[in-house]
1. Could you size up the charge dipole of region 1-113 around its Cα centre, putting +1 on the beta carbon of Lys and Arg and -1 on that of Asp and Glu, and report it in debye to the nearest 20?
2. Starting from region 120-175, pick out the chymotrypsin sites (Phe, Trp or Tyr not before Pro) whose DSSP state is loop and whose Cβ has at most 11 other Cβ atoms within 10 Å.
3. Under a point-charge model restricted to the Cβ atoms of Lys and Arg (+1) and Asp and Glu (-1), what is the dipole moment magnitude of region 20-176 relative to its Cα centre, in debye to the nearest 20?
4. So for the chain, taking the charge dipole from beta-carbon charges (+1 Lys/Arg, -1 Asp/Glu), which of 112, 96, 166 sits furthest toward the positive end?
5. Using only the alpha-carbon atoms of the chain, report the extent along each of the three principal axes, biggest first, to the nearest angstrom.
6. What 222 nm value per residue comes from the helices of the chain, counting each DSSP H run with n ≥ 4 as -39,500 (n - 2.57) and dividing by all residues, nearest 500 deg cm²/dmol?
7. Identify, among 74, 157, 59, the residue whose Cα sits farthest towards the positive end of the charge dipole of the chain, taking +1 on the Cβ of Lys and Arg and -1 on the Cβ of Asp and Glu, with the dipole about the Cα centre.
8. Just report the Cα centroid separation between region 1-56 and region 87-142, whole Å.
Amino acid sequence: MVDYPKDHTEEVHASQPSHYRVLEKVFCKSHFTPEDSILDIGCGKGRILAYFTEMGFKGKLTGVELKSDIVAVCKQWTKAYPNIQVIEGNVLDLNPNEYTVMVMYNPFGEDVLLKLLEKMEQELTHPIQLYYLSDHLYGNHINGRPGWTLKHRGWIWKDGIYYLHWTPQRCSWWEYTPVKES
Ligand SMILES: C[S@@+](CC[C@H](N)C(=O)[O-])C[C@H]1O[C@@H](n2cnc3c(N)ncnc32)[C@H](O)[C@@H]1O
């Protein structure tokens, strides 16, 4: 049985930071430019924003987070970085066209995921990249949807003798291109 932290529900998953080494593995084949606008869906205290900052990313970085106590921590440290915006709120209320790259580390269950996919498919007017960390639970919902191309999917567990996760976690990298209605 999985022993979830207290702040975990099916709709809003627990706030757990991703591991820097996992992020290195996920993004090692990707290239971002200052024209990119990256959204971390469920940014928590901002580990993914910190990773991109550390990597020297100069474009726009946005984090959105539902939990006010956690988002306050993220807002506090990111104040020093003019290219970072942190929004307290629900990703379902954002305009997806403001971003070219979206990243999410296991933020929610399948109901919210399906709503987000439908919203993106209805509203996006340009292609975006989506990185989904720990997608083994619900990521198969993206398979076969019109407009979605899987660029990479793989498992992350150990790094040598060092465990990055308790159990293997699958991660995926997608490109979504809006489907023209005929
Ligand atoms: C596993 S944590 C990941 C934190 C951070 N992205 C990282 O990788 O270190 C997932 C976060 O998503 C947030 N979340 C869940 N549903 C959300 C929603 N609909 N909109 C915004 N944030 C959400 C949760 O509150 C939680 O803090």
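Every number in this text was worked out from the coordinates using simple rules, so none of it is lab data. Keep in mind that what you see is a predicted model, and the values were worked out from it rather than measured. With ideal geometry, Cβ positions are generated from the backbone for all residues, glycine too; neighbour counts draw on all protein chains shown.
1. On the way: 11 positive and 16 negative charges, 123 e Å.
Dipole size: approximately 580 debye.
2. Working: sites: 131, 132, 138, 148, 155, 157, 162, 163, 166, 173, 174; in loops: 138, 157, 166.
For chymotrypsin sites (Phe, Trp or Tyr not before Pro) across region 120-175 that sit outside H, G, I, E and B with at most 11 neighbouring Cβ atoms in 10 Å, the list reads 166.
3. Roughly 500 debye for region 20-176.
4. 166
5. The Cα atoms of the chain stretch 50, 39, 31 Å along the principal axes, largest first.
6. -6500 deg cm²/dmol
7. 157
8. 13
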